[in-house]
Each structure stands twice: as C-alpha cells, then as structure tokens.
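Comments concern the structure below.
The values are calculated or read from the model by the stated rules, or taken from the named source; none is laboratory data. All values reported here derive from a predicted model rather than from experimental measurement. Here the Cβ positions follow ideal geometry from the backbone for every residue, glycine too, while neighbour counts run over all protein chains shown.
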Amino acid sequence: MRRVLFALVLLAGLPALAVSADELFDRVGAALEQGPWQARLVGRIVTPGGDAQAADLIVKALPGEGIVRIEFLRPDALADNYVVITPEKVYNYLFLTNQVVVYPRAKARIEGLGFDLSRMGDLRKLGERGEVSWEKPEEAAYEGRPAWRVVGRAADPDAAGFARVEVWIAREPLRLLRTAFFDAEGRLLSDLKWVEFRHVRLTRDDLISFPPDAEWIEKK
C-alpha cells in the first residue's frame with residue numbers, strides 16, 4: 001500500500017505522453033506517505049453472489065508501517081465489519097459472528113466480497129511484478145476537472161482476479177479520484193470514488209484493534 005496512492009509534484013503543465021504510469025503512481029504516493037491519513041470511498045462492489053451493491057467505506061492508513069484498515073458502512077450485509085491489512089497478514093472482523101478471520105497476506109481475502117479490495121493498494125507493485133501492463137496516462141476530464149486516466153490490463157486475469165483496472169487521478173492537486181476493476185467480460189468488480197481525504201493522527205493500536213472477546217480463526 002505504501003507506494004500506491006499519491007502526490008507532491010503537480011503535473012498540470014506536463015503533456016500526458018511525458019509521464020508514465022509508474023511515475024504518476026510514485027508522485028501520487030509521495031503525498032500519502034507523508035503521514036497517517038483517512039479517506040472515504042463510495043461506489044459499488046461485487047458480493048460473492050455476483051451482485052453489485054452500493055458501497056461506503058472508511059479507509060485509514062499508516063503508510064510508514066504499511067498498515068491499512070477498511071471499515072464498511074455499506075453494503076448493509078457488511079456494515080460494522082472491518083478489515084486490517086498488514087505486510088504479513090489480513091484480518092477480517094465479522095460483526096455478526098464476532099469473529100476475526102486471518103489470512104496470510106499472500107493469500108489475502110476479504111470476507112463477504114467477490115473481489116479482493118486489498119489489491120487497490122498495489123497499483124505500482126502490480127506493474128513491477130509484471131501482473132499488470134499499464135498503458136500511457138491519458139489526459140481526461142473527470143466530473144469537470146482536469147485529470148489523468150490510466151488503464152492497466154492483467155497478464156493473467158484468473159490469477160489476478162480481474163482483467164482490467166482503470167484509475168483516475170486529479171491533476172491539481174494530484175490525488176486519486178476513482179479506481180475501477182473489471183473482469184474479462186467487462187463486468188464490474190469494484191468501482192470506488194475517493195470523496196474525502198485528509199491527514200489525521202493515527203497509531204498502530206488505532207488500526208490493529210479487535211473486541212477482546214472475539215473468536216479467532218486462522219486460515220493457511
């Protein structure tokens with residue numbers, strides 16, 4: 001998650017072809033790595049049954065430690081659930097059953113979703129590992145404001161869990177606006193807009209915390 005999401009250097013004066021996707025993600029990531037931050041994402045996500053439902057999420061991050069917490073407000077079936085992603089493991093807290101389901105980071109899974117949202121934080125690394133081929137950023141207008149649009153295509157959609165990803169980034173100030181993932185047939189997997197973003201005071205204990213009476217289930 002550390003190099004993913006984005007920006008100190010403003011690119012408004014640069015032509016689209018002068019910037020690669022990797023350079024763009026690096027510059028955007030610089031702002032997020034300045035300190036702890038919190039964002040609100042709204043849009044749609046796909047459930048295991050294949051239904052696209054309205055989503056409303058709060059994302060909190062400690063970039064220096066590579067820790068991210070995703071709190072679900074919607075869909076209703078996931079309300080009050082949350083996920084903690086660390087460099088080593090992914091912790092799913094399930095409110096209705098009061099359980100914490102733990103997966104190794106390499107086998108990350110978010111309970112109740114048909115798509116692994118944790119991959120939103122690996123945009124730069126997906127390209128580095130050869131999992132995604134990023135096209136050249138295009139100049140675009142997003143809801144009336146100047147933006148960059150970057151499209152990535154998965155080398156192995158079955159292994160990646162998606163075939164195409166589209167990212168919109170505001171040119172000034174440089175920050176993420178929207179991230180959308182699609183399967184090989186073009187069906188939506190996740191489409192989330194960043195509607196709020198701010199730097200806040202957070203500690204490791206703020207993010208990695210669970211009810212003391214929760215049942216723990218370790219997955220291999």
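One line per residue, one yes/no per condition, for (1) at pLDDT 95 or above; (2) of a type in the set (S, T, N, Q); (3) surrounded by fewer than 17 Cβ atoms within 10 Å (Cβ to Cβ):
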{"site": "Ala52", "(1), (2), (3)": "no, no, no"}
{"site": "Ala61", "(1), (2), (3)": "no, no, no"}
{"site": "Gly66", "(1), (2), (3)": "no, no, yes"}
{"site": "Ile70", "(1), (2), (3)": "no, no, no"}
{"site": "Asp76", "(1), (2), (3)": "no, no, yes"}
{"site": "Ala79", "(1), (2), (3)": "no, no, yes"}
{"site": "Glu88", "(1), (2), (3)": "no, no, yes"}
{"site": "Tyr93", "(1), (2), (3)": "yes, no, no"}
Q) If you take the residues of the range 174-208 that are touching a helix residue (DSSP H, G or I) at 6+ places or on another chain (Cβ under 8 Å) and touching a residue at least 60 places away in the same chain (Cβ under 8 Å), which of them is surrounded by the fewest Cβ atoms within 10 Å (Cβ to Cβ)? A) Arg204
**Q.** Cβ pairs under 6 Å, 6+ apart, first in the range 58-74 and over 14 Å from Arg201 (Cβ atoms), second among the hydroxyl-bearing types (Ser, Thr, Tyr) and assigned to a strand (DSSP E or B)
**A.** Glu71/Tyr82
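Hand me the list of strands (runs of 3 or more DSSP E) wholly inside the range 126-203 holding 2 or more residues that are more than 25 Å from Asp56 (Cβ to Cβ).
It comes to 132-134, 138-142, 145-154.
Scan the range 204-220 residue by residue and report those that are more than 23 Å from Pro63 (Cα to Cα) and among the acidic types (Asp, Glu).
Result: Asp213, Glu215, Glu218.
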Q.
Between a residue in the range 11-26 that is modelled with pLDDT under 50 and any residue that is assigned to a helix (DSSP H, G or I) and of a type outside the set (D, E, K, R), which pairs come within a Cβ distance under 8 Å, given they are 6 or more apart or on different chains?
A. Leu11/Leu24
Q: Could you figure out which of (1) touching a helix residue (DSSP H, G or I) at 6+ places or on another chain (Cβ under 7 Å); (2) surrounded by 15 or more Cβ atoms within 10 Å (Cβ to Cβ); (3) at pLDDT 85 or above isn't true of Glu138?
A: (2)
Q.
Arg164 - would you say it is surrounded by 16 or more Cβ atoms within 10 Å (Cβ to Cβ), modelled with pLDDT of 90 or more and charged (D, E, K, R)?
A. yes
